[in-house]
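The values are calculated or read from the model by the stated rules, or taken from the named source; none is laboratory data. This one's a predicted model, so the numbers in the text were calculated from it and none came from an experiment. Every residue, glycine among them, receives a Cβ derived from its backbone with ideal geometry; neighbour counts consider all protein chains shown. For the accessible areas, the whole protein counts, side chains as well, though only heavy atoms, and no ligand, DNA or RNA atoms are used. Shrake-Rupley method; radii C 1.70, N 1.55, O 1.52, S 1.80 Å.
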Amino acid sequence: MSISPAHDSAFLRACRREPVPHTPVWFMRQAGRALPEYRALREGVAMLDSCMRPDLVTEITLQPVRRLGVDVAIFFSDIVVPLKAVGVDLDIVPGIGPVVGQPFRTAADLPRALSPGDVPYITAAVGQLVSELGATPLIGFAGAPFTLASYLVEGGPSKNHARTKALMYGDPALWSQLLDRLADITLAFLRVQIDAGASAVQLFDSWVGALPAADYRTFVQPHSARVLAGVADVPRIHFGVGTGELLHAMGEAGADVVGVDWRLPLDEAVRRIGPGRAVQGNLDPTLVFAPAAVVRDKVRDVLEAGKAAEGHVFNLGHGVLPETDPDMLKLIVETVHEGL
Ligand code: CP3
């Protein structure tokens, strides 16, 4: 196996907890509606259609790298793309998110497994991107089994995940079958991206913060752990929102880097996660609406707290909000790169 030109990038070094020339920075949802050039490209193209066009995926993924000077590209796709690829009837509705035609109720609704042949456009787009990116690493990603299950069971975005939890607590056998199948799909989707040249992966368990730690360990962790074990040949980032009480368990699931939202200072997150892992985060995504001087101070606070970690990848505590001024993101990148 040849060594990738991105191997010695600050990002991959931080993930491996090696010394870095500067703290690496990227933003969840950096490719998207905060950029006018993204909105222009997406004009008249449905979200899921855009994910199936390697030319568009390549251009949208590169846009924030060019404009913002971030250290990493994140593959432009969506967590529901692999579900669509195995035939689940769903769409991404603008302003709402993923909506599923027939929510999951019984074993007859189990999605089928995913094979690489189902997503040739992913292999093509990653290959094209990796050759254009050179020494800039590409992060592949997927949704974790719990978060995907929430969309399938609720039929769309949900505040309290009530039906999802009702299935989990009420029919543990069916729940386990569902999460097991979703783990297969997620793992296959990540493998496609790694095998085409992605140099790290992020497993998004965005909504798992809805669970107490004990239930996370029983009903979710084994499935996420199986996914993460299957991609141990690259650095693995594991992220969720509102996961202050789950950080240790999410690390245990097999993350090299644990993503932290904005609610907990990074030094406290590091204490909870324990040794042997790097952290990613965690500027509040709404801070971009504050004056520049405040933003710079808060970025430095995050860098200071991040010193407690064996490796720190700077990010927001969740995705870029659509109303964000790209110049503010650029200021954040510059401030991170200046260092303390
Ligand atoms: O980070 C990136 O820049 C890469 C692209 C990316 C998208 N979705 C593109 C997208 C990534 C990593 C995702 C992951 C994703 N999708 C997650 C996990 C991350 C998180 O936010 O916690 C989740 C939960 C989803 C499901 C989803 N897809 C939601 C909630 C939405 C927003 C709905 C809306 O319109 O407000 C989407 C749609 C989506 N995914 C958009 C983009 C750029 C917006 C679509 C558009 O431009 O019309």
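Below, the figures for the structure above:
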read-out: Within the accessible area of the range 222-340 (1.4 Å probe), percent carbon and sulfur; value: 53
read-out: Estimated dipole of the range 1-116 in Debye, rounded to 20 [Cβ of Lys and Arg +1, of Asp and Glu -1, Cα centre]; value: 260
read-out: Total charge dipole magnitude, the range 46-205, about the Cα centre, Cβ charges on Lys, Arg, Asp, Glu only, Debye to nearest 20; value: 260
read-out: Hits among lysines - C-alpha to C-alpha of K298 under 17 Å, sequence gap 8 or more where chains match; value: K307, K330
read-out: Cα-based reach from K165 at 25 Å (exclusive), listing lysines while leaving out same-chain residues under 8 positions away; value: K84
read-out: Of the DSSP H helices in the chain, those whose Cα atoms cover at least 15 Å axially and whose Kyte score averages -0.5 or more; value: 54-68, 120-133, 172-195, 292-306, 326-338
read-out: Per-residue ³J(HN,Hα) for the range 230-239, Karplus 6.51 cos²θ - 1.76 cosθ + 1.60, θ = phi - 60°, Hz, x for Gly and Pro; value: x, 10, 6, 7, 10, x, 10, 9, 10, 9
read-out: Dipole in debye (nearest 20) - the chain, about Cα centre, beta carbon charges: Lys, Arg +1; Asp, Glu -1; value: 340
read-out: Which of L203, S176, A135, positive extreme of dipole for the range 127-219 (C-beta unit charges); value: S176
read-out: Nonlocal amide H pairs with N315, under 5 Å, H built at 1.01 Å; value: G281, N282, L283
read-out: For the chain, alpha-carbon Rg and Dmax in angstrom; value: 18.8, 56
read-out: Mean Cα-pair separation over length for the range 157-263, i.e. relative contact order, pairs under 8 Å, 6 or more apart, %; value: 27
